[in-house]
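The values are calculated or read from the model by the stated rules, or taken from the named source; none is laboratory data. Everything numeric here is computed off the predicted structure, so don't read it as measured data. Reconstructed Cβ throughout: ideal geometry from the backbone, glycine too, with neighbour counts over all protein chains shown. These accessible areas exclude ligands, DNA and RNA; they are computed on the full protein's heavy atoms, side chains included. Shrake-Rupley method; radii C 1.70, N 1.55, O 1.52, S 1.80 Å.
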Amino acid sequence: MLAPALDSDTLAELLQTIRRFVSDRLIPAEERVDREDEIPDDILAEMKAMGLYGITIPAEFGGLGLNAEESVQVFFELCRAAPAFRSVTGINNGLGSSSILHDGNDGQRAKYVRPLATGELIAAFCLTEPDSGSDAGALTTSAVRDGDHFVLNGTKRFITNAPQAGIFIVMARTDPTKAGGAGVSAFVVERETPGLSVAKPDRKMGQKGAHLADVIFDACRIPASAMLGVEGQGFKVAMRALDRGRIHIAAMCVGISERLIDEGLSYAMARPQFGKPIADFQLVQAMLADSKAETYAGRCMVLDAARRLDRGERVSIEASCAKMFASEACGRIADRVVQIHGGSGYISECAAERLYRDVRVFRLYEGTTQIQQLIIARDLIKSRRAMS
Ligand code: COS
């Protein structure tokens, strides 16, 4: 059981501080970040000073040390701003630090986790490849042992924060005779390692200011001590990290859905048509009500999944349910909020237009909706078979 780090008053105070920071600093910067495709350095510095790179990282490593239930409440607040602000801190709080904390050794934890918590070091998580996306077990990046080293060759694709990252969690095949996830090992690779290069960032639909790029390994020689966990178990390292990460994505969807509802409500109450605010029309009210109900359901799912994680349960089903539901709902809500804005919602100065583009990726990354469906069904069938 991972106990809460804060008493309820201190948590409420922290959430209030983040809510103010989001309203005063992040939301006013959104339009500029979208236009310039860069988050200003002063905002990144404030986020570091507030501990937002280490929300989930234990206090002994310099993080805020929040348990999962507390962390998702922080994400609900933080993610009322454009998701790029959370994405730049996301791998430090999620896939990157959690792989090292849960599967790394003491030396790896001592070396990497503290600078991840402060944001001095940025992590990237390298699973996807040009020919291996949903079928993550088909990855072909190879890690061939050479004495007390491994030599990495291959390309990783769509790697969030690759342009800024100082360390890369890399899943690579150490045993080419084994198919699928078996034969895959995980490594922590430092950016300065010869043979590692990062391509030009990809241009993309939304989440401007958060960057992704290919990471290329060309005869990249790393010490064998860079392995995370046990040889041949790297696929499971990635899957366990994704179980936790998907709860975070679902929490982001809930936060941004709340924001979208605020935007829709403000516009509907201020915009008169046919002699009264459009909020007084029942067809508009139905869109707001459905959006609120779906967001509330997503919030309950995220909190339940987080509590189970804190109790040490395996949460593959709950994480996939929450990620699938909250990301699909968020897509519907963004669409409704553009609809409420009418033509104004199609204009780039409008927050609804930006957020509509930003949230599309939630149904794609850390596993598409269809992959979440496969995981839920796989685990249901597996547990029924185990009972019979
Ligand atoms: N926790 C622990 N172990 C897990 C696990 C989890 N969440 N999920 C799978 N495993 C284990 C399985 O138990 C199995 O172990 P054994 O071989 O010892 O029985 C092994 O890993 C292989 O699992 P499985 O057979 O389910 O693997 P598949 O190749 O069929 O994987 C999915 C299928 C779809 C689950 C996987 O490829 C996936 O998650 N794809 C999406 C990847 C993704 O999200 N990419 C986004 C990029 S990262 S930002």
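One table, with the values for the structure above:
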{"read-out": "Single condition Lys111 does not satisfy, out of (1) closer than 30 Å to Arg203 by Cβ; (2) in a helix (DSSP H, G or I); (3) more than 18 Å from the chain's Cα centre (by Cα)", "value": "(1)"}
{"read-out": "Some residue of the range 234-251 being over 30 Å from Phe187 (Cβ atoms), away from the ligand (no atom under 14 Å from the Cβ) and at pLDDT 95 or above", "value": "no"}
{"read-out": "The range 194-242, subset part of a helix (DSSP H, G or I) and crowded, with 18+ Cβ neighbours inside 10 Å, residue farthest from the chain's Cα centre (by Cα)", "value": "Ala226"}
{"read-out": "Residue check, Ser320 more than 23 Å from Leu380 (Cβ to Cβ), out of contact with any strand residue (DSSP E or B) (no Cβ under 9 Å at 6 or more places or on another chain) and crowded, with 24+ Cβ neighbours inside 10 Å", "value": "no"}
{"read-out": "Test: residue in the range 143-153 that is aliphatic (A, V, I, L, M), more than 16 Å from the ligand (Cβ to nearest atom) and open to solvent by 40 Å² or more (accessible area, probe 1.4 Å)", "value": "yes"}
{"read-out": "Pairs with Cβ under 8 Å, 6+ apart, first in the range 123-134 and open to solvent by less than 50 Å² (accessible area, probe 1.4 Å), second within 6 Å of the ligand (Cβ to nearest atom) and of a type outside the set (D, E, K, R)", "value": "Leu127/Ala136; Thr128/Ala136"}
{"read-out": "Candidate set: the range 355-375, residues that are open to solvent by 60 Å² or more (accessible area, probe 1.4 Å) and within 12 Å of the ligand (Cβ to nearest atom); chosen: the one nearest to Gly137 (Cα to Cα)", "value": "Leu374"}
{"read-out": "Matching entry among Glu349, Glu313 (being surrounded by fewer than 18 Cβ atoms within 10 Å (Cβ to Cβ), part of a loop (DSSP other than H, G, I, E, B) and at pLDDT below 95)", "value": "Glu349"}
